[in-house]
Every structure is written in structure tokens, then in C-alpha cells.
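I have placed the structure first, in the form of C-alpha cells, so that the comments after it can refer back to it.
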Amino acid sequence: MALRTIRTEGDSVLAKKSRPVKEMTQKIRDLILDMLDTMYDAMGVGLAAPQVGILKQIVVIDVGEGPIVLINPEIIETSGEQTGEEGCLSVPGMSGLVTRPNYVKVKALDINMEEVEYEGTELLARAFCHEIDHLEGKMYTELVEGELHHVTYDEDDEEEEY
């Protein structure tokens with residue numbers, strides 16, 4: 001498919017609420033595939049439609065276990081608490097400390113417009129909350145405890161590809 005331009009903090013679309021998806025169309029299906037390609041290309045773990053300028057309730061996530069597509073997602077249960085570093089493709093090169101639930105249960109529609117439920121802990125729970133916040137026009141930067149800081153990668157920390 002095609003790579004989409006990721007909107008960055010300060011873009012007004014990121015502060016707006018997204019609208020529900022009423023039916024699956026080829027245009028929506030293409031958008032979802034583009035979002036997955038864009039997320040993987042940017043080495044992210046999640047991407048919400050507003051981040052590519054589309055005010056639709058669509059989220060894609062992959063924490064290393066395969067892609068999850070959520071249409072009109074709703075968090076229906078949370079428990080526990082985790083505090084950790086969080087970043088965002090719309091705030092490149094920065095991260096900050098954010099407290100989120102450690103367990104999250106989400107109800108949504110999949111790419112076939114069939115109802116699905118997912119449960120996640122740790123990184124997946126964080127990704128669910130982070131991406132669904134985007135659909136409400138909320139950025140993780142509003143939740144950061146303390147200051148945002150630049151992310152630096154040590155060459156020793158990088159994974160080598162073989």
C-alpha cells in the first residue's frame with residue numbers, strides 16, 4: 001500500500017475527536033493497510049487514524065505479536081497501574097514518564113466489521129490507552145509526569161539485523 005504522512009504535535013487534527021466508522025468501504029480498508037505500512041515504516045507499535053490526518057475511530061497496534069486492527073474501540077475494563085516511558089510517532093524523538101493501567105480490556109470491530117475483544121497487559125495495555133486517547137484528541141504529552149526528554153539511542157543498545 002502507501003505510506004501516509006504522520007502529523008506531528010501542533011497539528012490541529014490531533015486535538016479533534018474522531019468519528020465512528022459506520023461501514024467498511026474500500027477506502028477505509030486501504031486506509032487501514034496504509035496505516036499498518038506507515039506504523040511499521042516508522043518503527044512504531046501503534047498508530048491512530050488522526051495521526052495520518054483522518055478523523056475516523058481506527059487504530060492499528062503491533063507490539064510484536066502481529067497486527068491488531070481496532071475500529072470504534074472502547075475500553076471496557078482496566079486494572080492495576082504501571083508507570084513507564086512513553087513516546088509517540090507524532091512527537092518524534094521525545095518521551096516521558098506516563099502512568100497507565102497495567103491491564104486493559106478493549107471492545108471494537110475488526111477489519112471485517114465483526115465485534116472483537118482484546119485483553120492486554122504492560123506494553124499492549126499502554127498501547128491500547130495511548131492510541132484510543134488519540135481518537136479523543138488527547139496526546140500522551142498531557143499525561144507526562146515531569147518533563148519530556150529527548151530519546152537517544154546508544155549504538156550498543158540497537159538490535160543488529162541479520
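Conditions tested, residue by residue: (1) touching a residue at least 60 places away in the same chain (Cβ under 8 Å); (2) among the hydrophobic types (A, V, I, L, M, F, W, C); (3) farther than 25 Å from M24 by Cα; (4) in a strand (DSSP E or B).
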residue	(1), (2), (3), (4)
E77	no, no, yes, yes
V106	no, yes, no, yes
E119	no, no, no, yes
L123	yes, yes, yes, no
G137	yes, no, no, no
Checklist entry - Which of the residues that make up region 34-63 are in a loop (DSSP other than H, G, I, E, B) and either more than 14 Å from the chain's Cα centre (by Cα) or more than 20 Å from K105 (Cβ to Cβ) (or both)? => result A42, M43, G44, G53, I54, L55
Next on the checklist: As an exercise: evaluate G46 against (1) surrounded by fewer than 18 Cβ atoms within 10 Å (Cβ to Cβ); (2) closer than 19 Å to V116 by Cα; (3) of a type outside the set (A, V, I, L, M) and give the number of the one condition it does not meet.
Outcome noted: (1)
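A quick yes/no check of all residues on (1) surrounded by 18 or more Cβ atoms within 10 Å (Cβ to Cβ); (2) in contact with a strand residue (DSSP E or B) (Cβ under 9 Å, 6 or more places away or on another chain); (3) under 23 Å from G137 (Cβ atoms):
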| position | (1), (2), (3) |
| --- | --- |
| K17 | no, no, yes |
| E23 | no, no, no |
| R29 | no, no, no |
| I58 | yes, yes, yes |
| E81 | no, yes, no |
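Coordinate-derived values only; no laboratory data. Quick caveat: nothing in here was measured; it's all calculated off a predicted structure. So basically every Cβ, Gly included, is an ideal-geometry build from the backbone, and we count neighbours across all protein chains shown.
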